[in-house]
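Novice: Structure incoming, see below.
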Amino acid sequence: MRSAYSVETVRNAERELMARLPEGALMQRAAAGLAAACAQLLGRVYGSRVVLLVGSGDNGGDALYAGARLAGRGAGVAAVLLTPGRAHPGGLAALRRAGGRIAPDGAGEELIGRADLVVDGITGIGGRGGLRPGAVPLAAAAERSRAAVVAVDLPSGVDADTGEVRGAAVRADLTVTFGTHKPALLVDPAREYAGSVRLVEIGLALPGRGAVLEAFQHADVAALLPVPGAESDKYRRGVVGVAAGSARYPGAAVLAVAGALRGGAGAVRYAGPAGDAVIARFPEALVSAGGPKGAGRVQAWVVGPGVGDDAAPVAEAVAAEVPLLIDADGLRLADAGAVRARTAPTLMTPHAGEAAALLGVGREEVEAARLAAVRELSARYGAAVLLKGSTTLVAAADGGPVRANATGTPWLATAGSGDVLSGLAGSLLAAGLPAPDAGAAAAYLHGLAGRLASRSAPATAHEVADHLPDAWRGIRAL
């Protein structure tokens, strides 16, 4: 599990550690890790050209000390000081002793244009509101250049706690972060600016339950996936009901059932008007033509994909006293009060446009502040919420850390992909996983299956569903 902590928590941990260490030791630890990462990225340090973008905070000091280490190995290092009177004095002295130099006023853009590596030490984790005007041309020059760009702790101009980018920001190829991940490194739009992320341990003692964001890895998902025992039968493994599709959109039913059949439950009951299409593709499905109310016993319902304007199956599924996943048209048709009144777990799975409609804001507002949006939706509906997108986020109904999924691929942005995800997550609900775990595990598997299906080429939703067993096996093989 990768955990991300708030700026306040990180600051407190840093203060506690610095009180136990000799003065400057913590910065030296960070600078050593930063210099090592820069050297690895350069490949050949001797003779390389390095430009440091140095602000007034500790990130600027980290950059200067790291630059001194690179200069000591034969790199030509120049520091561009954005606030010359406030640059870290110890770092400046170290850089000069190692043979580095301070760039003349106005020379920053030209130096960046000839650099092999640019180190972004402009602002730290306390920065807010995008880059200041004086830094904007330097960030733009770095983006235009052929130099590799390394951000110190996080890209300057992004909000560490929210992942929001409210103005110009540095776009890094690599971010070297210290002690722990910051939320911005796991959530878009900021994550897009971070490039690859390398965590350098510096000895911070962080609270075990104080993370604000978590990202699953293989072992975390493997521990959640249902595995049948010797005494299992299809009913003990769980039965998931799928109320999806319509005469106009029968494919949504087929794809949701495809995801459900590969999600670990013992059986899938389909209820709706697309039964002929479902049974033709999946003869193992249990099909009925009515709504959820008369379909038979299930351990969870999936409702909404492709139902069009028929609110009846949505209302019946919301009234059922079993875990429920609401997606697509179901999000629009479900009565908000009825959803809030449910006592069984609920998982809602909107994309940004659907989330915006539920919140009564523009889509661009959701995409700019994804972490805030998923938390607000979860609180408003008293439900777990899986917000689909470039970084899928899952918020629990009772608060706690938001889960961020990093396994997806842009090729998953294809018609029907979300229907597969809904069926998969619903099956995990029926198998007994809590709603946040079902959503996070399903997003992880779905992302892996998308990668396997596409292999850097277009893939269809049914191909994603077909690769879910491969993704499952890959996780369980660890």
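Novice: When you scan region 417-478 for helices (runs of 4 or more DSSP H) that lie fully inside it, which ones turn up with 3 or more residues that are polar (S, T, N, Q) and buried (at least 24 other Cβ atoms within 10 Å of the Cβ)?
Specialist: Those helices (runs of 4 or more DSSP H) span 417-430.
Novice: Still on this structure: Out of curiosity, is residue 364 more than 28 Å from residue 316 (Cβ to Cβ) and open to solvent by 20 Å² or more (accessible area, probe 1.4 Å)?
Specialist: yes
Novice: Exactly one condition in (1) without any contact (Cβ under 8 Å) to a residue 40 or more places away in the chain; (2) in a helix (DSSP H, G or I); (3) touching a Leu at 6+ places or on another chain (Cβ under 8 Å) is false for residue 260; which is it?
Specialist: Checking residue 260 against (1) without any contact (Cβ under 8 Å) to a residue 40 or more places away in the chain; (2) in a helix (DSSP H, G or I); (3) touching a Leu at 6+ places or on another chain (Cβ under 8 Å), the one that fails is (1).
Novice: Sticking with this one: Does region 255-284 hold any residues that are within 29 Å of the chain's Cα centre (by Cα) and farther than 17 Å from residue 295 by Cβ, and which are they?
Specialist: 255, 258, 259, 262, 263, 264
Novice: Let me ask something else. Please go through region 216-231 and pick out each residue that is within 21 Å of residue 259 (Cβ to Cβ), in a loop (DSSP other than H, G, I, E, B), open to solvent by less than 60 Å² (accessible area, probe 1.4 Å) and out of contact with any Phe, Trp or Tyr (no Cβ under 6 Å at 6 or more places or on another chain).
Specialist: 225, 226
Novice: Among the helices (runs of 4 or more DSSP H) confined wholly to region 1-74, which include 1 or more residues that are surrounded by fewer than 22 Cβ atoms within 10 Å (Cβ to Cβ) and polar (S, T, N, Q)?
Specialist: Hits in region 1-74: 7-18, 25-42.
Novice: Then there is this: Would you call residue 235 touching a Pro at 6+ places or on another chain (Cβ under 8 Å) and either open to solvent by less than 40 Å² (accessible area, probe 1.4 Å) or within 30 Å of residue 469 (Cα to Cα) (or both)?
Specialist: Spelling it out, it is not the case that residue 235 is touching a Pro at 6+ places or on another chain (Cβ under 8 Å) and either open to solvent by less than 40 Å² (accessible area, probe 1.4 Å) or within 30 Å of residue 469 (Cα to Cα) (or both).
Novice: I've got another one for you. Any chance region 263-278 includes a residue that's open to solvent by less than 40 Å² (accessible area, probe 1.4 Å), closer than 30 Å to residue 124 by Cα, not aromatic (Phe, Trp, Tyr) and not in a helix (DSSP H, G or I)?
Specialist: no
For (1) in contact (Cβ under 8 Å) with a residue 60 or more places away in the chain; (2) under 17 Å from residue 324 (Cβ atoms), each residue gets a yes or a no:
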{"position": "221", "(1), (2)": "yes, no"}
{"position": "226", "(1), (2)": "yes, no"}
{"position": "234", "(1), (2)": "no, no"}
{"position": "246", "(1), (2)": "yes, no"}
{"position": "304", "(1), (2)": "yes, yes"}
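Novice: Report those strands (runs of 3 or more DSSP E) wholly inside region 124-215 carrying at least 2 residues which are open to solvent by less than 10 Å² (accessible area, probe 1.4 Å).
Specialist: Correct list: 148-152, 174-178, 213-215.
Novice: Output the residue which, of all residues in region 332-388 that are of a type in the set (Val, Ile, Thr) and in contact (Cβ under 8 Å) with a residue 24 or more places away in the chain, is nearest to residue 183 (Cα to Cα).
Specialist: 374
The values are calculated or read from the model by the stated rules, or taken from the named source; none is laboratory data. Keep in mind it's a predicted model, so treat the numbers as computed, not measured. Heads up, the Cβs are rebuilt from the backbone with ideal geometry, glycines too, and the neighbour counts pull from every protein chain shown. The protein model used for the area step is the full one, side chains on, heavy atoms only, and it has no ligands, DNA or RNA in it. Shrake-Rupley method; radii C 1.70, N 1.55, O 1.52, S 1.80 Å.
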